[in-house]
Amino acid sequence: MTAPYEPWDEKRGADIIAEHAGLEGATLVILHAVQEAFGYVPEPAIPMIASALNLSRAEVYGVFTFYHDFRKQPAGRHVLKLCRAEACQAAGGDRLAARAEARLGIALGNATADRRVTLEPIYCLGLCATAPSALLDGRVIGRLDDAGIDALVAEAQR
Amino acid sequence: MTMRLFVPRDAGAVAVGADDVALALERAAATRGIAVEIIRTGSRGLYWLEPMVEAATPQGRVAFGPVSTTEAAAVLDAITSDSPHPLRLGVADEIPWLKRQTRLTFARCGVVDPRSMEDYRQHAGYRGLERALSLTSDAILAEVAASGLRGRGGAGFPTGIKWKTVAQTSADRKYIVCNADEGDSGTFADRMIMEGDPFVVIEGMTLAGIAVGATKGYIYIRSEYPHAVAAMNAAIAAAKRAGYLGERLGGSGHRFELEVRVGAGAYVCGEETSLLESLEGRRGIVRAKPPLPAHKGLFGKPTVINNVLSFAAIPFILAGGAKAYADFGVGRSRGTMPIQLAGNISHGGLFETAFGITLGELVDDIGGGCQSGRPVRAVQVGGPLGAYFPRALFDTPFDYEAFAARDGLIGHGGVVVFDDSVDMSRQARFAMEFCAIESCGKCTPCRIGSTRGVETIDRIRRGERVTENIAVVEDLCATMKFGSHCALGGFTPYPVMSALKHFRQDFGPAPTGLQAAE
């Protein structure tokens, strides 16, 4: 299971921002730290980061939306990422992704209605010689087959 | 006497159960009352044999693999009684797949404990730095230039020239940046070396700092590599403690600091100027060149930006001398290349060898063909921006110029193998789709061309006006190739055009001429 996240708290957010604001080029570091604490980047954090780094809100918002990693809202309780890049495609990844979508009843890039599982594509985990591979809440899994993907999906649904 | 066992901590090994195997070995040893020390190494790169367990014996390190948790106890018994076991592979260094390699950069990977500075030093670590400290910076630069090392990230630019440019540019601050944004599918050499021998990257970057007069370095690692981030952070802390980073490093008058920064899932940040923007805390939008990063790089200061493997090659070059490195290779491709065999392949993994080996040897002989048992149909070399080669081109030697001459690229050394079930029009579509997802949006050919490319290939796949739409794809590719700002838009035509050229039959019926009268 993903780490239990804290609910958004302005004071806590300000502390996180202040902790990293002195670094060179701190924007990504702060966005990562905020997301690590709260599970996503709450909207009120954007103007706070902008003000701490003497940037415009637009600039920080632009950075926030440019990168695939940063979330506007919390993910499901478990995040299952399936590698969709070429090495995993060559090893049957397309079929496994379709199977996971069917089992969960959602397309890649979505969360189940009960917010238990978020299913996402990822473009390469660097496990290309033990393909196809996946990442479940930070745990890497390789050499996936039909039974393996079924087990992962079942684990994520628990 | 305590028995020493080695189990990889490498993410590729962990993904197939290495952590559980280590635990099972520990438990089996405890129930048998045997004292064991389990050392978590990197991977040797023989991934079809992972998890590969090794045991220190008087004959050397004896390997077993692939070991599962259920077999761990039996493997332990075979080790203690020195008896045969079906998974016994013999002395690890003698395994033919490993013995055939020329491991210069990866000599320690899979052998040493990546968290132990002592282990690194005992295995020739910091000899490059020791020698460099007796040289002038000009002499260090001359060694790097004479080695013939070219940037291992993909572009193949001579490292010596890059470093010299930074050294000759005066500024109040300079930076060393390590590009560890290894986003190409089919590549994992950067990840492996960071997880298996992180000190070699630190030493290489430190040497760059000394050579060009920089005191601060950043390692930009992609967020998809949490294990590598942890390994590099631990190694940086260990190097600081041992006096190899910070003030008066290694007892010299030099200072060098290192910091890891984590990317956020943008493929384009592997492009060097986009990476610099990202490090500065901005969107990863590609910069115009000139100015070159060597003149105006990170925060506008002269910056050496190199790939992980380029920095990792430096300690060997400085320790052994430029000639020892340049003696390997062919033509203008000197030294060794860590080649990564991946996808649908029997013997996938990391194979470091001198340039010049042919693609066919790599795929059939070393890789053992497709894991599915079906014939190899296509091989993509160089990541998502690399060309698809058919069997007819398997005589191409692994060499920057030889691949370029056949409209391909070696890139970061990834080789992804596909069997005969592959639909090449689908792969061409994916190349365009990936470019559309990852485009930074700065230039029109990449941003719009890739989306139009997906739509047009979809029409071809539906059989709509195939000949005309193929002409549109070719035109789009030409525009992207010559009009894009960076390699993302500029190289996406490689996989698309190679699929069209070599696998035309996958794009619907070929145009028929006039039927001969019968």
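A few remarks follow.
- Some residue of region B:225-233 being at pLDDT 95 or above, part of a loop (DSSP other than H, G, I, E, B) and outside the structural domain of B:Thr444 (by TED's automatic domain parsing): yes
- Residues (of a type in the set (Ser, Thr, Tyr) and free of Cβ contacts under 8 Å to residues at least 60 places away in the same chain) located in region A:1-44: A:Thr27, A:Tyr40
- Condition met for B:Leu385 (buried (at least 18 other Cβ atoms within 10 Å of the Cβ), out of contact with any strand residue (DSSP E or B) (no Cβ under 8 Å at 6 or more places or on another chain), in contact (Cβ under 8 Å) with a residue 40 or more places away in the chain and not assigned by TED's automatic domain parsing to the domain that holds B:His123): yes
- Region A:123-142: number of residues that are surrounded by fewer than 20 Cβ atoms within 10 Å (Cβ to Cβ) and closer than 20 Å to A:Asp94 by Cβ: 1
- Applying the set (1) aromatic (Phe, Trp, Tyr); (2) away from every other protein chain (no Cβ under 13 Å); (3) more than 21 Å from the chain's Cα centre (by Cα) to B:Phe430 leaves exactly one unmet item: (2).
- One residue alone among B:Asp423, B:Asp407, B:Asp419 is touching a residue at least 40 places away in the same chain (Cβ under 8 Å), more than 14 Å from chain A (Cβ to nearest Cβ) and not polar (S, T, N, Q), and that residue is B:Asp407.
- Selection from region A:105-121 of residues that are surrounded by fewer than 21 Cβ atoms within 10 Å (Cβ to Cβ) and either part of a strand (DSSP E or B) or more than 14 Å from every other protein chain (Cβ to nearest Cβ) (or both): A:Gly105, A:Ile106, A:Ala107, A:Asn110, A:Ala111, A:Thr112, A:Ala113, A:Asp114, A:Arg115, A:Arg116, A:Glu120, A:Pro121
- Residues located in region B:251-260, provided they are surrounded by fewer than 22 Cβ atoms within 10 Å (Cβ to Cβ) and either in a strand (DSSP E or B) or on the phi > 0 side of the Ramachandran plot (or both): B:Gly251, B:Glu257, B:Glu259, B:Val260
- Tally of residues being surrounded by fewer than 17 Cβ atoms within 10 Å (Cβ to Cβ) and over 20 Å from the mean Cα position of the chain (by Cα) across region B:86-112: 8
- So A:Cys124, is it at positive phi, in contact with a Gly (Cβ under 9 Å, 6 or more places away or on another chain) and outside any strand (DSSP E or B): yes
- As for region A:84-96, it holds no residue that is in contact with a Pro (Cβ under 9 Å, 6 or more places away or on another chain), in a strand (DSSP E or B) and not hydroxyl-bearing (Ser, Thr, Tyr).
- Subset of region B:163-197 that is over 16 Å from B:Val304 (Cβ atoms) and away from chain A (no Cβ under 14 Å) - its residue that is surrounded by the most Cβ atoms within 10 Å (Cβ to Cβ): B:Asp197
- Residues in region B:401-421 that are in a loop (DSSP other than H, G, I, E, B) and surrounded by fewer than 24 Cβ atoms within 10 Å (Cβ to Cβ): B:Arg406, B:Asp407, B:Gly408, B:Leu409, B:Asp420, B:Ser421.
- Here is the figure for region A:75-91: residues that are surrounded by fewer than 21 Cβ atoms within 10 Å (Cβ to Cβ) and out of contact with any strand residue (DSSP E or B) (no Cβ under 6 Å at 6 or more places or on another chain) total 1.
- Within region A:20-78, helices (runs of 4 or more DSSP H) holding 2 or more residues that are closer than 18 Å to B:Cys269 by Cβ and within 8 Å of chain B (Cβ to nearest Cβ): A:27-38, A:57-66
- Count of residues meeting criterion [among the small types (Gly, Ala, Ser) and not in a helix (DSSP H, G or I)] in region B:78-104: 2
- Scanning region B:92-130 for residues that are closer than 18 Å to B:Ile38 by Cβ and touching a His at 6+ places or on another chain (Cβ under 8 Å) returns B:Val111, B:Val112.
- In this structure, B:Leu258 does not satisfy being within 13 Å of chain A (Cβ to nearest Cβ) and either under 24 Å from the mean Cα position of the chain (by Cα) or under 30 Å from A:Phe70 (Cα atoms) (or both).
Conditions (1) touching a Phe, Trp or Tyr at 6+ places or on another chain (Cβ under 9 Å); (2) touching a residue at least 24 places away in the same chain (Cβ under 8 Å); (3) assigned to a loop (DSSP other than H, G, I, E, B), marked per residue:
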| site | (1), (2), (3) |
| --- | --- |
| B:Phe6 | no, yes, no |
| B:Glu26 | no, no, no |
| B:Arg40 | yes, yes, no |
| B:Arg61 | yes, yes, no |
| B:Ala72 | no, yes, no |
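- Criterion applied to B:Glu280, B:Glu247 was being within 9 Å of chain A (Cβ to nearest Cβ) and within 24 Å of B:Ser170 (Cβ to Cβ), and the one residue passing it is B:Glu280.
The values are calculated or read from the model by the stated rules, or taken from the named source; none is laboratory data. Keep in mind it's a predicted model, so treat the numbers as computed, not measured. A quick note on method: Cβ atoms are made from the backbone with ideal geometry, for glycine too, and the neighbour counts reach across all protein chains shown.
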